[in-house]
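To start, the structure itself, in structure tokens.
No lab work stands behind these numbers, since they all come straight from the coordinates. Given the structure is predicted, the values throughout are model-derived calculations rather than measurements. A quick note on method: Cβ atoms are made from the backbone with ideal geometry, for glycine too, and the neighbour counts reach across all protein chains shown.
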Amino acid sequence: MMPSLDTAELPADAVEVGRVGDAWGIKGWFKVVSHSATPEALFSSKRWFLLPAERGTKTFAGTKLLRVMEAKEHSGGIVAQAHAVEGRDAAEALRGARIFVARTSFPTAATDEYYWVDLIGLDVVNREGAALGQVKELLATGAQTVLVIGYQALDEAGVSQELERMVPFVAVYVDKVDLPARRITVDWQPDY
């Protein structure tokens, strides 16, 4: 049974932060699969916007507003309870739904800390000012985070192709992150 959730408009600054997992218990709680190892955005916002699952059964269409009563860590995961999600069947009906939170709801990052979503699309240049490309994604490798930078290069036939270079996102290589200028300066050479 699909819970009766309000239809909403996805905020312009919405960021996908996770998806709804399985039901948890019988009182409408559900598990959340976070896209981040540190899910502060899930805990700081009481308004989650849901879009249908990309694959599998779709139990609703459009954007729905989920008013969260409580979200907390439990046994190494996250569980949540929301208004209008009453009982296990209602929680199961949300399985797979994609969770978005308005970027303005994120907690303020500490000095020299950045949300990955803010780094995607930034231009990367080295100390000499040579353009290295744009941040396409970030990878968590366990030991450190790595910037995946996309750039264009010519192959032997002179045809342009998109390639990637990876730069560890650590202080020894990253000199400066300038969010207003949308630029990251690194100690890295184009031929690495």
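Assorted remarks:
- Charge context of residue 117, other residues only, Cβ under 12 angstrom, K/R +1, D/E -1: -3
- Listed by chain and number, the lysines whose C-alpha is less than 24 Å from the C-alpha of residue 72, apart from same-chain residues fewer than 8 away, are 27, 31, 46, 64.
- For the Cα trace of the range 1-92, dividing Rg by the Kirkwood Rh returns an Rg/Rh value of 0.92.
- Note on residue 26 and residue 159: the model spin-label points, each 7 Å out from Cα along the C-beta direction, lie 6.2 nm apart.
- The range 130-192 and the range 2-81 have their alpha-carbon centroids 32 Å apart.
- As a proxy for reagent exposure, ranking 7, 108, 145, 185 by other Cβ atoms within 10 Å from fewest up yields 108, 7, 145, 185.
- For the chain, the convex hull drawn through the C-alpha positions has a volume of 154 cubic angstrom per residue.
- Relative contact order for the chain, counting Cα pairs under 8 Å that sit 6 or more residues apart, in percent: 20
- In Hz, Karplus ³J(HN,Hα) per residue of the range 148-155 (6.51, -1.76, 1.60; θ = phi - 60°; x = Gly, Pro): 9, 10, x, 8, 9, 8, 8, 7
- A cut-off of 5 Å between modelled amide H atoms, ignoring neighbours fewer than 5 places along the same chain, links residue 14 with 103.
- Structure remark: mean-square fluctuation, Gaussian network model of the chain, C-alpha springs under 10 Å; the largest value among 40, 156, 54 belongs to 156.
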